[in-house]
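Down below is the structure, laid out as structure tokens.
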Amino acid sequence: METASNNPLKTTCCIVGGGPAGIMLGYLFARSGIQVTVLEKHQDFFRDFRGDTIHPSTLELMYELGLLEDLLKIRHSRITQASASIGDEIVTIADLAHLPTHAKFVALMPQWDFLNFLSDEASKFPTFTLRMGWEATGLMKNDGVTTGVLANTPNGSAEIPATLTIGCDGRHAISRQAAHLPLVEEGVPIDVLWLRLSRHSSDPENGLGYANYGTFMVLINRLDYFQVAFLIPKNGFAEIQQQGLDAFQQRIARVVPFLSDRVAEIDSWDKVKLLTVQVNHLAQWSSPGLLCIGDAAHAMSPVGGIGINIALQDAVATANILTEALQSNSLTQHDLQQVQLYRQKAVHYTQRFQIFAHGILDHALRDSGPMKLPLSLRILTRIPGFKYLTARFIGMGLQPQHIRTHAQTL
């Protein structure tokens, strides 16, 4: 290997992970003239059964960056209301029509399309480098300070020296593990099965949550097909498999009758993917030379589909707080700690909401009888302003971010 002094891979910031947080942060740093390298272990962004929801808070960021119009040229569907079918009733939980944003809807777009779009835009800046197929294996260290990243590449092992390393590599982050940052796990009573079923033109435009007979599902409209999230009790997949595919197909058709003519498409368990749901957080997001954000710092539940947007808000906050220090080569550990101090309350209270929702969902999954709309929910949805407040929470989050950094002239 080459030494750090003459290594052509040396960069100001090395970002581990090319997910939403990593690509967004790479874009923002490069936009401000900071040398940044993003490492993505896969050769492409195509991974099915990932979060597809781009919420109004994220679309507003795209507007502030001048990218919204081009982003929305990509084929997508839209959700303007969040609704649920509970038993025999349909109830609207949130109405996004009055949000103070330019795009008053959730865009449903495959995550690979969003990442391809954003990385293409980032590549227009000369200080941005995206290295696909480069897998981080550890951290470079000097007297307890992270000084870069060790990686396996298509051409062998490599060292990427960096002033700052940022872990955006998800819930199994090698960056976090290599730094030995302590992780606090929350108990989660549910897991999720992901599958896809074809969609017909006569099907509902907006994806709904469906709950009945001990089953809860969410249908995400991908125009040609539904991406289906099927909630199960924690570690319950083996029991469902033992009951057989026919029983699984019948459960889907019973709760969502209009899918009964296509459940046979699930003709193998290979078409059903298990997502082990985690909710956790790092007690400390950083150590000298290293910062973790997104799922690497705090894994979110899929409840509300807000994980991608929390990660993107982390990225924007990180850019807002650290850009000036990186530009002036004056970055300190205090600067890294400021990111956590600024973001951790919003993350904490969002996770508290998700954990509360888990309890409700767990109770519903263990009652196999016909479900009725809870009286409390019936009353809440009739309170003026309730649907607006829930729309603010779902669509914008507790701490919506705005672009505070400035672009350098290309």
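Restricted to segment 215-225, and to residues that are crowded, with 18+ Cβ neighbours inside 10 Å and not hydroxyl-bearing (S, T, Y), which residue is farthest from the chain's Cα centre (by Cα)? Lay out the reasoning, then the answer.
In the first step, residues of segment 215-225 are kept if they are crowded, with 18+ Cβ neighbours inside 10 Å; the result is 215-222.
Still in the running and not hydroxyl-bearing (S, T, Y): 216-222.
On the way: F216: 21, M217: 19, V218: 16, L219: 17, I220: 15, N221: 17, R222: 17 Å.
Out of the qualifying residues, it is F216.
Please determine, by comparing only the residues of segment 312-336 that are among the polar types (S, T, N, Q) and assigned to a helix (DSSP H, G or I), which one is surrounded by the most Cβ atoms within 10 Å (Cβ to Cβ).
Of everything passing the filter in segment 312-336, T318 is surrounded by the most Cβ atoms within 10 Å (Cβ to Cβ).
Please return the ranges of strands (runs of 3 or more DSSP E) entirely within segment 156-272 where 2 or more residues are farther than 30 Å from M24 by Cβ and in contact (Cβ under 8 Å) with a residue 12 or more places away in the chain.
Filter on segment 156-272 gives 190-198, 209-212, 215-221, 225-233.
Could you grab the pairs with beta carbons closer than 6 Å, sequence gap of 6+ or different chains, first residue in segment 119-145 and free of Cβ contacts under 8 Å to residues at least 60 places away in the same chain and within 16 Å of F45 (Cβ to Cβ), second one among the basic types (K, R) and surrounded by fewer than 14 Cβ atoms within 10 Å (Cβ to Cβ)?
So the pair list comes out empty.
Inspect all residues belonging to segment 347-366 and state whether any of them is out of contact with any Lys or Arg (no Cβ under 9 Å at 6 or more places or on another chain), not assigned by TED's automatic domain parsing to the domain that holds A211 and not in a helix (DSSP H, G or I).
Yes, segment 347-366 contains at least one residue that is out of contact with any Lys or Arg (no Cβ under 9 Å at 6 or more places or on another chain), not assigned by TED's automatic domain parsing to the domain that holds A211 and not in a helix (DSSP H, G or I).
For segment 287-311, name all the residues that are part of a strand (DSSP E or B) and surrounded by 24 or more Cβ atoms within 10 Å (Cβ to Cβ).
First, pick out the residues of segment 287-311 that are part of a strand (DSSP E or B): 287, 290-292.
Those that are part of a strand (DSSP E or B) and surrounded by 24 or more Cβ atoms within 10 Å (Cβ to Cβ): L290, L291, C292.
Within segment 28-51, can you find the residues that are buried (at least 24 other Cβ atoms within 10 Å of the Cβ) and of a type in the set (D, E, K, R)?
Scanning segment 28-51 gives R31, E40.
Given (1) free of Cβ contacts under 8 Å to residues at least 12 places away in the same chain; (2) at positive phi; (3) touching a helix residue (DSSP H, G or I) at 6+ places or on another chain (Cβ under 8 Å), where does G294 come up short, assuming only one miss?
(1)
Based on this model, can you work out whether V339 counts as crowded, with 16+ Cβ neighbours inside 10 Å, within 24 Å of M300 (Cβ to Cβ), in contact (Cβ under 8 Å) with a residue 12 or more places away in the chain and in contact with a His (Cβ under 7 Å, 6 or more places away or on another chain)?
Here the answer is no, as V339 does not meet what is asked.
Among T58, T12, which is among the hydroxyl-bearing types (S, T, Y), outside any helix (DSSP H, G or I) and in contact with a helix residue (DSSP H, G or I) (Cβ under 8 Å, 6 or more places away or on another chain)?
Working: T58 fails: outside any helix (DSSP H, G or I).
Just one listed residue meets the conditions, T12.
So which residues in segment 255-264 are surrounded by fewer than 16 Cβ atoms within 10 Å (Cβ to Cβ) and within 17 Å of M371 (Cα to Cα), if there are any at all?
Across segment 255-264, the qualifying residue is only P257.
Failed condition for H98, given (1) within 30 Å of M217 (Cα to Cα); (2) surrounded by 19 or more Cβ atoms within 10 Å (Cβ to Cβ), with all others met?
Single failed check for H98: (2).
So, in segment 375-395, how many residues would count as being loosely packed, with under 14 Cβ neighbours inside 10 Å and part of a loop (DSSP other than H, G, I, E, B)?
Here the count works out to 4.
When R176 is evaluated against the numbered criteria (1) basic (K, R); (2) closer than 25 Å to D52 by Cβ; (3) crowded, with 19+ Cβ neighbours inside 10 Å, which criterion, by number, is the only one it fails?
(2)
If you check every pair at least six apart or on different chains, which have Cβ atoms under 7 Å apart with a residue in segment 5-27 that is under 20 Å from G138 (Cβ atoms) and in the same structural domain as H172 (by TED's automatic domain parsing) first and a residue that is among the polar types (S, T, N, Q) and assigned to a helix (DSSP H, G or I) second?
Listed pairs, sorted by first residue: V16/S175.
What is the number of the single condition among (1) buried (at least 20 other Cβ atoms within 10 Å of the Cβ); (2) not in a strand (DSSP E or B) that A107 does not meet?
Going through (1) buried (at least 20 other Cβ atoms within 10 Å of the Cβ); (2) not in a strand (DSSP E or B) one by one, A107 breaks only (2).
Residue under question is H281, and the condition is that it be under 24 Å from T350 (Cα atoms) and either under 25 Å from the mean Cα position of the chain (by Cα) or surrounded by 16 or more Cβ atoms within 10 Å (Cβ to Cβ) (or both); does it hold? Steps first, answer last, please.
Working: under 24 Å from T350 (Cα atoms): yes; either under 25 Å from the mean Cα position of the chain (by Cα) or surrounded by 16 or more Cβ atoms within 10 Å (Cβ to Cβ) (or both): yes.
So H281 fits the description; yes.
The values are calculated or read from the model by the stated rules, or taken from the named source; none is laboratory data. Here the structure is a predicted model, which is why all the values come from computation and not from measurement. We place every Cβ from the backbone using ideal geometry, glycine too, and count neighbours over all the protein chains shown.
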